[in-house]
1. Students often check this: by mean Cβ neighbours within 10 Å, which of A:376-387, B:308-319, A:27-38, A:119-130 ranks highest, and how do the rest follow?
2. So which DSSP H runs in chain B come out at 20 Å plus along the axis (Cα) with average Kyte-Doolittle of at least -1.0?
3. For the pair B:K286/A:N6, report the inter-label distance in nm, with labels modelled 7 Å from Cα in the Cβ direction.
4. Is the shape of the protein assembly as shown rounded, prolate or oblate, going by the alpha carbon gyration tensor and its root eigenvalues a ≥ b ≥ c, with a/c under 1.5 for rounded and a/b larger than b/c for prolate?
5. Per residue of A:105-112, count partner chain C-beta atoms within 10 Å of its C-beta, then hand back the mean as an integer.
6. Work from the charge dipole of the stretch B:1-383 (Cβ charges, +1 for Lys and Arg, -1 for Asp and Glu, about the Cα centre) and give the residue of B:N233, B:L280, B:Q377 farthest towards its positive end.
7. How far is A:G92 from the same spot in each other copy, in nm, shortest first, if each label point sits 7 Å from Cα toward Cβ?
8. Mean separation of Cα pairs under 8 Å and 6+ residues apart, divided by the residue count of the stretch B:225-278: what relative contact order is that in percent?
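The values are calculated or read from the model by the stated rules, or taken from the named source; none is laboratory data. Note that the coordinates shown come from a computational prediction; the quantities given were computed from them, not determined experimentally. Please note: Cβ atoms are built from the backbone with ideal geometry, for glycine as well, and neighbour counts cover all protein chains shown. These area figures cover heavy atoms from the full protein model, side chains too; ligands, DNA and RNA do not enter into them. Shrake-Rupley method; radii C 1.70, N 1.55, O 1.52, S 1.80 Å.
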There are 2 protein chains.
Amino acid sequence: MREYSNIYQEELLQQVLPFWMKNSRDEVHGGYFTCLDRAGDVYDTDKFIWLQGRQVWMFSMLYNNVEQREDWLKMALHGADFLRKNGRDKEGNWYFSLNREGKPLVQPYNIFSDCFAAMGFGALYKATQRDEHAEIARRTFEKILRRSGNTKGQYNKIYPGTRELKGFSLPMILSNLSLEIEHILDKSVVDSLISEVVHEVLDVFYNEEIGLALENVYADGSFCDSFEGRTVNPGHNLEAMWFLMDLGVRLNDQNLINKAVKISLDVLEYGWDKEFGGILYFMDIKGHPPQQLEWDQKLWWVHVEALVCMAKAYQLTGNEACQKWFVKLHDYTWNRFRDSQFGGEWFGYLNRRGEVLLPLKGGKWKGCFHVPRSLYQISTTLKKEVLSQGVTA
Amino acid sequence: MREYSNIYQEELLQQVLPFWMKNSRDEVHGGYFTCLDRAGDVYDTDKFIWLQGRQVWMFSMLYNNVEQREDWLKMALHGADFLRKNGRDKEGNWYFSLNREGKPLVQPYNIFSDCFAAMGFGALYKATQRDEHAEIARRTFEKILRRSGNTKGQYNKIYPGTRELKGFSLPMILSNLSLEIEHILDKSVVDSLISEVVHEVLDVFYNEEIGLALENVYADGSFCDSFEGRTVNPGHNLEAMWFLMDLGVRLNDQNLINKAVKISLDVLEYGWDKEFGGILYFMDIKGHPPQQLEWDQKLWWVHVEALVCMAKAYQLTGNEACQKWFVKLHDYTWNRFRDSQFGGEWFGYLNRRGEVLLPLKGGKWKGCFHVPRSLYQISTTLKKEVLSQGVTA
C-alpha cells in the first residue's frame, strides 16, 4: 500500500494542483474560475460560493500541512479577498453564487455556502494568523449553528408539520468542519459539537436494520416511506464514515472507528454496481425508482471519497477487506476519471457504463476540492504505519 | 398516415386509459395515485398537484370530446373533489404536493400547479356546467396572471437586478391554457393573451440566428451567456410549436403555422441524437457541458409531443419532411417507450441508448397526461384531411 502513497502524491503535485494554479485565477475581477473544460479553458465565469470557499481551504491547507509555498498562500488569499468583499449579504449570510464581477446572482438559501466559507477562512487563518480571517470563520460558524433548525429560511418550501424530516448533509459536514476549525473555537463548543454529530450520524441517521445511513429521516431517526425517506446516497455515507474515523482518532475511540469501518464495508457492498462496476449515485432503499434521474451515474467525488475511506479504514485497522476494496476502487477510478490524454484535474461525471458523460474538469458543483483533497488524504494516510488492533472481519 | 390514426386510438382506449382507470384511484382518501410501477402497483402515495390537475383535465377532456362516458366523468370528479378540498392555501394558491390524506407537503412555489389545476377545472366545467368548477378555474387563472411577474414569490432565490432572465415555460403553457379555458374567460382577455404569448414565443424566446427558442433570455429576448441562458430544451420547443399551430388554426394565420412548422423541423434536426437516436433532453447552445446531469436521457414527453407536433405539421401543410419525421419518431418511440410485455401506460425514462432507465409508469412528474393526450391528439389529427396550401420546403 505504501507504493500507492507516492502515486497519489505525484498526481496531486504534478497534475491536479498545476491545473488549478494555471487555469482558475481570475486576474481581472479576483476569485476563481471553476467552469473549466478538458483543456483547462474557461467556459463559464459565474462564481459559486461553495467552490470559492473550498478552493481557499485547499490552498491554505496545503500551505499549512504540505509546504509553506508562497504561491499557494497567494492563491488562497486571491479567493479569500474576493469572497470577503463580495460573498455576504448585510446579515453576514453567504450568497450561493456571484457573477464574474462579484455581484450576487443567487440568494443565501444554501447553508453549505457558509460551511465551506467558514472552512476556507478557518484554514487561511492558520496560515496568515490575521484576526480578520479568524473573525469571518467564527462569525460564519455561529450563524450556521443559529440557522441549523431551518437552514433555508424563507426559501424553505416544506409545509410545516405534515412531514418533518432531517437531512444527513448538515451533521455530516459539521462532523468535518468541527475538526477543520477547531483552532478558532472554544474547546467546550468543539467537544459538545463533536459528541452531537457522532450521535446524529450513528444513532439518528444510521439505521441498524438496514445497515447504512439514510439521507432523510424523522426527527427521532425513524424511517419515512417517501421519496426523500427512501433515498440512499452511498457516497455521502462513505465520506461521512471517514469523517467519523478522524473523530475516532481524535477521541481515541476504537469502538467508533470499528463501527465506521464496518458501515463503510456494508455501504460499498450495497452501492457497488454489480453490472457495470463503480458506485451508484442514488438508490432507493426499498428498490423503487429513485426520483433522481442521475441515480445510475458514476461521480468523481463518490469514488475518491470512497478511496479515502478505505485508505483510512485499512490504516486504522489492518483489515484486509479494506485493502481489497481500495485496490478495486483505485483501478476503477484511475482508469476512468483520470484524463490519460490531457492530464490535469480529473473528469467528474461518467454514465453508468463508466464512459465520460460531461467532458468538464470543473463546473457549478465541481471545483478544486474532492480530487486534490483525496489525493492528499490518501498519500498521507498510506505513509503511516498500519495499526492492527482493530476489526479484522 | 390515416392507418396510424387507428393504432393511436386503440392504444389510448385499450391500453393507456384502462391502466389509469384501474390503478390510480385512491378509494380511501380520494385523488389519484400517480407513482405506479410497471405492473400498475402503487409504490408511493404522495399526491402532486401538477399530476392531479392534469388527470382531472384528461378525463374531462375525453368526456367532452370523445364520448360522454359516466365512468370518465366520475374519474374526473374523483380528483377534482380531492383538489377542491385540499389543494389550495388560504390565498387560493395551489400547493405543489400533498400527502395521501391531502395534507400539504410542499408550499405553492410552483405556478404550474396552478396552471394545471385551472386547466383541469376549466375542462371539468365544460362537462358538468357547475358554476363552482368554472369559478375555481377562473380565480386560479386570475392569480396566475397576477403572479406572472414573480411566479415563485418568497421562494424566488434569484437576487434582483444582477441578471434578470425570463423563462420559456410560462408563456408556453399560457399559449395552451388560453385555448383550453377560453370558454370561461372574456373574449377580450383571451384575444390579448393569445397575441401576447405568440409575441413572447416567436419574438422574445425564439432566436432567429440560432433557429430555435432558448429556455431563458433577457427581458428583451437577447442572449445571456450563462448556464441558464445557453440551455435548449428541444422537447419544450416542439410542444410549444404545436400549441402555436393550434393558435394559427384558431387565428386562421397560415404564416404563423408555417413559422411553427419550420422551427419544429429545425429543432428536430438539432435535437436528434445522431449517435443513438431519439431526442436529447437538454443541450447547451454553445456546445458546453449542460448543467443538467440528465441531459442525454430520452424522455417520454419529449417524444410523444414531437409526434403530435409532426402529425399536426403534416396535416396543416402536407409537408413531406414532417411525414418522414413522424414515421421516424413513431418507430423510435413505439419500440422503446411502449411496454410490449406488460402493456398499459408507457415507460417514461430511457438512457441515451434508449434502454429503460426507470421501470416506472408514473411518478412525481409523470402521470396520466402526455401519453394519453398525445394518443388522442394524433389519432384525431390524422383523421382529418391533409391541407396543402402551406409550406412544402
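1. Averaged packing, sorted descending, gives the order B:308-319, A:119-130, A:27-38, A:376-387.
2. B:49-65, B:70-86, B:111-128, B:234-251, B:254-271, B:300-317
3. 4.3 nm
4. Because a/c hits 1.5 or more and a/b exceeds b/c, the protein assembly as shown counts as prolate.
5. 3
6. It is B:Q377, whose Cα lies furthest towards the positive end.
7. 4.4
8. About 35 percent, as a whole number.
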